[in-house]
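These notes concern the structure reproduced below.
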Amino acid sequence: MQTLSLSAGDWRLSVCPALGGCISGLWYQGQPVLRSIADTAPSGVRASGGFVLLPYSNRIGLGQLHWHGQSHQLRPNFAPEPHAIHGVGWQRPWKLAHRDASQLCLTLDHVEDDEWPFAFSAQQQLRLCDQGLSLELSIRSHADQDVPAGLGWHPYFVKPRHSALAFKASGRWAMGEDKLPVELEPSAGLSGSCDDLAIDHCFEGWEHLVRIHHNGLGFELACADVDRLVVFTRPELDFIAIEPVSHVNNALQLAARLGVEPAGLGVRTLAPGQPIRIRFQVRVSRQLQAQ
């Protein structure tokens, strides 16, 4: 599969449009920031450096989507799990709409099917500059009714030994054995070594900034547009997934069980023709720049 490369200053980016529009590599001064493969496509999206999440993030329990009095059975898309996961964008080819030396634009058109019953179009714009990577993700509904929507990003940051992670939050969703959230518990976030970290949780109220440090380098992931953060890693893995997302995992089912409005868990409602847009940044840590 074809990969497209961008460069600016000390940064280089590689993208594979046909493989879920995924990032196949991101480097700073020649060192990988995300899980990276040079000059070739990864073996699969989940072996990439990251991919976008739309029109929902994480899991919908058993693929059962209930919305405005209607039930839709979504086809599970990550065997052997019984759930629908990460939306549809990560498993579809994207089209190249524009490209120059430091930026490119990819688009995706979705018609209703058994993985998502509402039509939409999406766009991701990736830009490199001296400060780092900016990714803008948008979705526009083409359904003839109000529909639920969520957006996010699923980057895999490299995690060499003695990596450290820090972010602030207000709470963390406890997870059941089925990998779905159960209840919200207090949490101030995380701060410290990743070496022995085993986690797969959605955090509430993160303060829109994560700092990652390793090998004398420091980076920041910033997103002011969403209030949840999913973090996943285990000690034996060489990556840590740090995912800014707009809604809680399995938000619609969880809202029904808790007796709250879906919007309270981050689900956005799109009217026909309505868009939403969010932005992410990966940059050199401002703390490191100040030293």
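The values are calculated or read from the model by the stated rules, or taken from the named source; none is laboratory data. Keep in mind the model is a prediction, meaning the values are calculated, not measured. Positions of Cβ are generated from backbone atoms using ideal geometry, with glycine treated the same way; all protein chains shown enter the neighbour counts. When the accessible area is computed, the model is the full protein with side chains, heavy atoms only, and any ligands, DNA or RNA have been set aside. Shrake-Rupley method; radii C 1.70, N 1.55, O 1.52, S 1.80 Å.
Computed values, structure above
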item	result
Residues whose placed amide H lies under 5 Å from that of residue 33, excluding near-sequence neighbours	26, 27, 28
Residue-wise HN-Hα coupling along region 69-75, computed from phi with Karplus coefficients 6.51, -1.76, 1.60 (Hz; x: Gly, Pro)	x, 10, 10, 10, 8, 8, 6
Stretch gain in nm, segment residue 185-residue 111, where the contour uses 0.36 nm per residue and the Cα spacing is subtracted	22.8 nm
Accessible surface, 1.4 Å probe, highest first, among residues 95, 179	95, 179
Integer Hz, Karplus 6.51/-1.76/1.60 couplings in order for region 23-37, x for Gly and Pro	7, 9, x, 9, 10, 10, 6, x, 9, x, 9, 9, 4, 9, 10
Cβ-based charge dipole, region 85-237, positive-most Cα from 98, 131, 194	131
Charge dipole (debye, nearest 20) of the chain; +1 at Cβ of Lys and Arg, -1 at Cβ of Asp and Glu	580 debye
Farthest toward positive dipole pole in region 218-290 [+1 Lys/Arg, -1 Asp/Glu at C-beta], among 278, 218, 245	278
Rounded to the nearest 10 Å², the accessible area of residue 112 at probe 1.4 Å	130 Å²
Residue 283 - accessible surface, heavy atoms, 1.4 Å probe, Å² rounded to 10	40 Å²
Simple spin-label estimate for residue 236 and residue 46 in nanometres, 7 Å along Cα-Cβ	1.5 nm
Accessible area in the full protein assembly, largest first, 1.4 Å probe, for 78, 157	78, 157
Nearby aspartates and glutamates by direct alpha-carbon distance to residue 159 (threshold 18 angstrom, same-chain neighbours under 8 apart not counted)	195, 196, 200, 220, 236, 238, 243
Residue with peak Gaussian network fluctuation, the chain [Cα springs, cutoff 10 Å], from 33, 231, 245	231
Amide H contacts under 5 Å for residue 118, placed H, 5+ residues apart	113
Modelled FRET efficiency - R0 35 Å, residue 209 with residue 71, Cβ distances, 0.05 increments	0.35
Kirkwood-based Rg to Rh ratio, region 91-144, C-alpha trace	1.08
Accessible surface of the chain [probe 1.4 Å, protein heavy atoms]: carbon and sulfur percent	49 percent
Residue-level accessible surface for residue 270, protein heavy atoms, 1.4 Å, Å²	0 Å²
Percentage relative contact order, the chain, counting C-alpha pairs under 8 Å, at least six apart	17 percent
Positive dipole terminus of region 1-152, leading residue within 11, 86, 108 (C-beta point charges)	11
Karplus-derived HN-Hα couplings along region 154-169 (A = 6.51, B = -1.76, C = 1.60, θ = phi - 60°), whole Hz, x at Gly and Pro	10, x, 10, 6, 5, 9, x, 4, 6, 6, 10, 9, 8, 7, 9, 8
Cα-centre dipole for region 96-184 with unit charges at Cβ (Lys and Arg positive, Asp and Glu negative), debye to 20	800 debye
Within straight-line cross-link reach of residue 95, aspartates and glutamates at Cα separation under 12 Å, skipping those fewer than 8 residues along the same chain	109
Amide H within-cut-off set for residue 58, under 5 Å, with H built and near neighbours excluded	86
Calculated Rg and Dmax of the chain using C-alpha coordinates, Å	18.2, 56
Theoretical FRET efficiency, 1/(1+(r/R0)^6), r = Cβ-Cβ of residue 10 and residue 95, R0 25 Å, to 0.05	0.25
Rounded accessible area per residue of the chain, 1.4 Å, Å²	42 Å²
